[in-house]
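Just below is one structure, and these are the notes that go with it.
The values are calculated or read from the model by the stated rules, or taken from the named source; none is laboratory data. Treat the numbers as computed from the prediction; the structure is a model and nothing was measured. Every residue, glycine among them, receives a Cβ derived from its backbone with ideal geometry; neighbour counts consider all protein chains shown. These area figures cover heavy atoms from the full protein model, side chains too; ligands, DNA and RNA do not enter into them. Shrake-Rupley method; radii C 1.70, N 1.55, O 1.52, S 1.80 Å.
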Amino acid sequence: DGGITQSPKYLFRKEGQNVTLSCEQNLNHDAMYWYRQDPGQGLRLIYYSQIVNDFQKGDIAEGYSVSREKKESFPLTVTSAQKNPTAFYLCASSILVNTEAFFGQGTRLTVV
Amino acid sequence: SQQGEEDPQALSIQEGENATMNCSYKTSINNLQWYRQNSGRGLVHLILIRSNEREKHSGRLRVTLDTSKKSSSLLITASRAADTASYFCATDAYSGGGADGLTFGKGTHLIIQP
């Protein structure tokens, strides 16, 4: 099945620890995105990548880092510098940047 | 910054009625998209309308775009209980450095009463 997979679905971490969220797609899409969603809120763009080995900051990149070493993979690291990391994180991909996006099912991160 | 803003924030209607939600945005766009999100899930793409289009249909969905007013509307006809979800508009954004990524509004939460 073609699609975009995020893992894990739920993640718990202690404050001060870095944590990496996985996002893999087998749709052969060039563009990938990471969004953060807080309760009752819209999506805010963290980072996006238009092509392998390239990525750009979104609106709320502080405290996050990404890599795009392979076309299929766009992992997001939530660092200890992120002041309020507890949120629902969504990964998406599209054939080209800003075209129809396909979303994963999300990772709910809770930092205690 | 969030480019699109949906209105209303919440909408509750009876099954069978039509639901209309609106999206306003700030800067010029190449296309505008509508997505649906069921609670706690990822988003699903519904429809994309290009800046040179004024209206587009897909099944029970009708989207309009008015670039002079920087606004779009999504109409769902003959609503069903399964249409209960949050609906988001997304716009492409471009700056001097190129594409800035898809930006989403805060969404309209639609509840269909049986």
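Listed conditions (1) among the charged types (D, E, K, R); (2) under 24 Å from B:Asn31 (Cβ atoms); (3) out of contact with any strand residue (DSSP E or B) (no Cβ under 8 Å at 6 or more places or on another chain) are all met by A:Lys70, apart from (2). Every condition in (1) among the polar types (S, T, N, Q); (2) in contact with a Ser or Thr (Cβ under 9 Å, 6 or more places away or on another chain); (3) within 14 Å of chain B (Cβ to nearest Cβ) is met by A:Gln41 except one, and the failing one is (2). Counting only strands (runs of 3 or more DSSP E) wholly contained in segment A:36-109, the ones carrying 3 or more residues that are out of contact with any Leu (no Cβ under 9 Å at 6 or more places or on another chain) occupy A:43-51, A:54-57. Which count do you get for residues in segment B:73-114 that are open to solvent by 20 Å² or more (accessible area, probe 1.4 Å) and on the phi > 0 side of the Ramachandran plot? Number of matching residues: 2. Look at segment A:82-109: where a residue is open to solvent by less than 10 Å² (accessible area, probe 1.4 Å) and a partner is among the acidic types (Asp, Glu) and assigned to a strand (DSSP E or B), sitting 6+ places away or on another chain with Cβ atoms under 6 Å, you get A:Asn98/B:Asp92. Residues in segment A:63-112 that are within 14 Å of chain B (Cβ to nearest Cβ) and of a type in the set (D, E, K, R): A:Arg68, A:Glu100, A:Arg108. Please verify whether B:Lys70 is away from every other protein chain (no Cβ under 13 Å) and either open to solvent by 50 Å² or more (accessible area, probe 1.4 Å) or under 25 Å from A:Gln56 (Cβ atoms) (or both), treating the condition exactly as stated. Judged against the criteria, B:Lys70 is a match. Can you confirm whether segment B:74-96 contains a residue that is more than 9 Å from every other protein chain (Cβ to nearest Cβ), more than 23 Å from A:Gly40 (Cβ to Cβ), part of a strand (DSSP E or B) and modelled with pLDDT of 95 or more? Within segment B:74-96, one or more residues are more than 9 Å from every other protein chain (Cβ to nearest Cβ), more than 23 Å from A:Gly40 (Cβ to Cβ), part of a strand (DSSP E or B) and modelled with pLDDT of 95 or more.
On inspection, B:Ser39 does not qualify as open to solvent by 50 Å² or more (accessible area, probe 1.4 Å), among the polar types (S, T, N, Q), over 26 Å from B:Pro114 (Cα atoms) and over 10 Å from the mean Cα position of the chain (by Cα). When segment B:42-64 is filtered for residues that are over 11 Å from B:Leu74 (Cβ atoms) and buried (at least 16 other Cβ atoms within 10 Å of the Cβ), the ones remaining, listed by number, are B:Gly42, B:Leu43, B:His45, B:Leu48. Looking at this structure, is A:Gln50 of a type outside the set (Val, Ile, Thr), surrounded by fewer than 20 Cβ atoms within 10 Å (Cβ to Cβ), closer than 24 Å to B:Gly105 by Cβ and without any contact (Cβ under 8 Å) to a residue 12 or more places away in the chain? Taking the combined requirement at face value, the residue does not satisfy it.
Taking the stated definitions as given, is A:Gln6 at pLDDT below 95, at negative phi, within 9 Å of chain B (Cβ to nearest Cβ) and in a strand (DSSP E or B)? Criteria not met by A:Gln6.
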